[in-house]
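Heads up: the structure comes next, in structure tokens.
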Amino acid sequence: MQTVKGKVTIPTDESFVDGTKEIAAKWGADAVRDCDGTVLPKNAKDLGKVYNTYFIVRGDNDWARKHPEEAQRIFLLSERVLATENSVDIPFMNGFLRDEFDPDYTNADRWEVYDRTVGEKVSDWTVDKKTHVITVKNAEKMHEYTVSFMARITWHPVQVYNYITNNWTCEKQLTYDPAYPNTKEYIKRHMREWCEENKDTSVVRFTTFLYQFTLIFNEQGKEKYVDWFGYAQTANPVLMDEFEKETGIKLCAEDFVDCGHYNNPFRSPAEKMKKYSDFVQKFVSDTVRELVDICHEYGKEAMMFLGDDWIGSEPYGKYFGNMNLDAVVGSVGGGVTVRMLSEIPHVKYTEGRFLPYFFPDTFFDGNENNAVAELNRNWLTARRAHMRKPLDRMGFGGYLSLAAKFPKFVSRVTDICDEFRAICDAVGKNKPFTTVKVGILNAWGSLRSWQSHMVAHELWYQQIYSYQGILEALSGLPAEVEFLSFDDVRDGVPKGIDVIINAGDAYTAFSGGREWLDVKLQTSIREFVYGGGGFIGVGEPTAVSANGRYFQLADVLGVDEEIGFTLSADKYNIQKVKHELTDGLKEIDYGEDKKNIYALPESKVLDIAFSDRFKRNVNVGEVKIAVNEFGKGRSFYITGIPYSFENSRLLYKALMWCANKDLHCAYSTNINTECNYYPSSKKYAVVNNSAAEQTTDFYDVNGKKQTLALQPMEIRWITAK
């Protein structure tokens, strides 16, 4: 197949120009980029469009040293210290990397000392600035105490990571904050000077803007706290004071440290911090817009990297469009990150960095087959989402000279680049056919579209993969997905929604916690389902202990969780029944699962696990899957649903069953395959997601069936008759 040029970005450096040209020809690359630790060749523009990395709030240590008072700030929470006497010393810098933070004594009036045993602030304390020790007087014996203190960020956290990981010896990068007027004027002046000096740069790749996600290191240089969505490092005194002037809300240290949770996205958001994050987003958008305008003045595009200092630039937030960006690029961990990127509004194009990165941890002698295997896994997972909403461009990061040593890898990337372009040409802006509209219900709603239960770029966490699988499955299913907040549905579920999904552990922002004590919310969902809508619960949906229930919509779901309060109530619904949803599925994976789920009398149990220790016909078993009829509507419950071909098919069947729709419409029966239909071009794409040959029955939109034999990883394009 002859390679068509375009839509691909590759890394290069001044020592690998000829090799770059050779690989660019094979992959059809039309753009090059720099990478950490490399320098673009002088003739980079001869290789194609030139992306050049740009940092706004780090990199100029001369400026930072001249203006140490304008460093970025964060509130940190010390370790808990037990008072064994009537006074207690708290060495509050213990547990933190000293090079990353410096206590900000100029703002010590904003510090807070707490008695954590009773949750009360105490005021009788003194501080020794030389030893960084706070002494609490008149302490209560056997109570725990903490210090919430403001610190200057004296080493940029991302460089901390890169520096330690790669054994760098270069100068450590300081930080500075555009919330201060001097620095704000400086970053605009520097932007203009940089554009003058980098005339060959086509795209300014902002990595990223003003505020780093929360990334705190411990004394050993290991990550202590990581929150990809965290606003902790926006705790600038100027912003806090301006926020108070605008809203009348005075923020304190405890608002930021949040008992040590730092307002991570699994916490139900406090109203004042929701307003503050909105305020920060407005400030970031206004500031970045001035820099973007300068880029455009010099004829350069402005691209945002979705990572690093991206806080305040929420791509689905209401101020994102104000920045007037041309593009967004991000790392592709799978289908979820593809959809997160590809659906971002207000930009001309989106781009994904695929795995593996061309780094020595993967590209070393004898590891070529593993590198190709990782490439295929990443591509096949991401490809499902491309079939629904493709990215505009793809690319890779790292050191191209390393990848060039692996000919099989280079060849496979050639095939993938060709297939990517073919998908873009066939799908393009065409809206694919959808069979069902799904509403994902959580505290964040549309602000965190395709980002619920996410930690960084789909990193593996034991507590979340059982929920992350929902979005991974949906990213490639013929379903329209809308992310709804609890406020969005209190007065009724929006028109067009067929099925609501509520998933997560109890009391998290994603399950809802105390939100479900709201009568309006409960009755709104009940009315929706009773009138014919569908409801899917995963894990501990609607869970909050109140009024004799743990799952507040147990009547809708047909299940509840035993937390010890209803052990005396006999439970007889333990018989597993056959059902169309589980018919033909053999290896359903519940992930980390949930224990002690029991079925109400009216529901149907589709799967249940029994202990070998009990042989009874009552009060035994743990329900894994159940379905329930509620008025004219239906519900489906499952304890967990990690992504797999089998689980993805189960979720899709559950969606269609809950919506009371025909499954055999633009449908492929083999779970290793999926079907997409594009009405505007009248083309079907039947996709083999596996590395083995597959045979499947394919149904068109009219229910007409034909049998197909698909090669490994094949996409079969079929024109509708």
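Throughout, read-outs are computed from the coordinates displayed, never taken from laboratory work. These numbers come from a predicted model, not from an experiment. In this analysis, Cβ positions are derived from the backbone assuming ideal geometry, glycine residues included, and neighbour counts consider all displayed protein chains.
Just want the ordering: ILE344, ILE718, from fewest to most Cβ atoms lying within 10 Å of their own Cβ.
Lowest to highest Cβ neighbour count: ILE718, ILE344.
Pick out, from MET142, PHE364, PHE209, the residue whose Cα sits farthest towards the positive end of the charge dipole of the chain, with +1 on the Cβ of Lys and Arg and -1 on the Cβ of Asp and Glu.
Checked the options; the winner is PHE364.
What is the spin-label model distance, in nm, from ASN376 to ARG616 if the labels are put 7 Å beyond Cα along the C-beta direction?
Calculated label separation equals 5.1 nm.
How much length, in nm to one decimal, is gained on full extension between SER123 and LYS682, taken as 0.36 nm per residue of separation minus their Cα-Cα distance?
Extending this stretch completely gives an extra 194.1 nm.
What is the set of long-range amide H partners of PHE483 at a cut-off below 5 Å, with H atoms built 1.01 Å from backbone N?
ILE440
Where in the range 201-239 does the amide nitrogen come within less than 13 Å of the point 7 Å from the Cα of ASP361, taken along Cα to Cβ?
Inside the label zone: 223.
To make sure I understand, if each residue's beta carbon is the centre and we count other beta carbons within 10 Å, what order do HIS261, HIS67 fall in, fewest to most?
Fewest-to-most ranking of HIS261, HIS67: HIS261, HIS67.
Report the trypsin sites (Lys or Arg not before Pro) located in the range 181-232 that are in a DSSP loop and have at most 16 other Cβ atoms inside 10 Å of their Cβ, or state none.
LYS199, LYS222
Want the number for GLU185 to ARG80: 0.36 nm per residue separation, take away the alpha-carbon distance, what's left?
33.7 nm
Treat every Asp and Glu Cβ in the range 667-719 as -1 and every Lys and Arg Cβ as +1, leave all other atoms uncharged, and give the resulting dipole magnitude about the Cα centre to the nearest 20 debye.
240 debye
For a label point 7 Å from the Cα of GLU244 along Cα→C-beta, name the residues of the range 262-276 whose backbone N is under 19 Å from it.
Output list for this probe position: 271-276.
Sorted from largest down, give the three principal axis spans of the alpha carbons of the range 667-719, whole angstrom values.
Extents along the principal axes, in whole Å: 30, 18, 14.
If the only charges are +1 at each Lys and Arg Cβ and -1 at each Asp and Glu Cβ, what is the size of the charge dipole of the chain around the Cα centre, to the nearest 20 debye?
About 2180 debye.
Which one is right for this structure if Cα Rg over 2.2 N^0.38 Å is calculated from it: [x] 1.06; [y] 0.94; [z] 1.02?
Answer by label: [z].
If we count every other residue with Cβ under 14 angstrom of MET93's Cβ, Lys/Arg +1 and Asp/Glu -1, where does the sum land?
With Lys, Arg at +1 and Asp, Glu at -1, the neighbours total -3.
Would you please put 462-471, 104-113, 346-355 in order of how densely packed they are, using the mean number of other Cβ atoms within 10 angstrom per residue and starting with the highest?
Answer by packing, highest mean first, reads 462-471, 346-355, 104-113.
Please give the FRET efficiency for GLU140 paired with LYS275, using the beta carbon to beta carbon distance and R0 = 30 Å, rounded to the nearest 0.05.
0.30
Rounded if a/c is under 1.5, else prolate if a/b beats b/c, else oblate: with a ≥ b ≥ c from the C-alpha gyration tensor eigenvalues square-rooted, which is the range 525-635?
oblate
Given a Förster radius of 45 Å and the C-beta distance between GLU69 and TYR530 as r, what FRET efficiency does 1/(1 + (r/R0)^6) yield to the nearest 0.05?
0.15
Between the alpha-carbon centers of the range 55-78 and the range 147-189, tell me the distance in whole angstrom.
With the range 55-78 and the range 147-189 each reduced to a Cα centre, they are spaced 5 Å.
Near GLU171, within a Cβ-to-Cβ distance under 13 Å, what is the net charge of the other residues, with Lys and Arg +1 and Asp and Glu -1?
Charge balance in the 13 Å sphere: 0.
Stretch VAL39-ALA569 to full length: gain in nm at 0.36 nm per residue minus the Cα-Cα span?
Extra length from VAL39 to ALA569 when fully extended: 183.8 nm.
Quick one, could you list the DSSP H helices from the chain stretching 27 Å or more along their long axis (Cα atoms) with average Kyte-Doolittle hydropathy of -1.0 or above?
Counting only whole DSSP H runs, the qualifying helices are 271-297, 407-427.
With r defined as the distance between the Cβ atoms of ILE718 and ASP200 and R0 fixed at 45 Å, what FRET efficiency is calculated, to the nearest 0.05?
0.50
Would you work out which of THR508, ALA720, VAL332 lies farthest towards the positive end of the dipole of the chain, given +1 charges on the beta-carbon of Lys and Arg and -1 on that of Asp and Glu, about the Cα centre?
It is ALA720.
Can you give me the distance in nm between label points at LYS21 and ASP593, each placed 7 Å from the Cα along the Cα-to-Cβ direction?
6.1 nm
Under the Karplus relation 6.51 cos²θ - 1.76 cosθ + 1.60, θ = phi - 60°, what is the ordered set of whole-Hz ³J(HN,Hα) values for the range 708-721, x standing for Gly and Pro?
Taking θ as phi minus 60°, the curve returns 10, 10, 10, 6, x, 6, 6, 10, 9, 8, 10, 8, 5, 9 Hz for the range 708-721.
With both partners inside the chain, how many of the DSSP beta bridges are antiparallel, as a percent to the nearest 5?
55 percent
If we count every other residue with Cβ under 14 angstrom of PHE565's Cβ, Lys/Arg +1 and Asp/Glu -1, where does the sum land?
After counting each charged neighbour, the total is -1.
Let a ≥ b ≥ c be the square roots of the eigenvalues of the Cα gyration tensor of the range 372-472; is it rounded (a/c under 1.5), or, if not, prolate (a/b larger than b/c) or oblate?
Note, shape of the range 372-472 comes out oblate.
Sort PHE243, PHE645, PHE206, PHE364 so the one with the fewest other Cβ atoms within 10 Å of its own Cβ comes first.
Ascending Cβ contact count within 10 Å gives the list PHE364, PHE645, PHE243, PHE206.
Loop only by DSSP, 16 or fewer other Cβ within 10 Å of the Cβ. Give me the chymotrypsin sites (Phe, Trp or Tyr not before Pro) in the range 509-587 that pass, ordered by residue number.
PHE565, TYR572
Using helices alone, I'd like the mean residue ellipticity at 222 nm for the chain: each DSSP H run of four-plus residues gives -39500 (n - 2.57), total over residue count, nearest 500.
-7500 deg cm²/dmol
Using a basic spin-label model with each label point 7 Å from the Cα along Cα→Cβ, how many nm lie between GLU171 and ASP109?
3.5 nm
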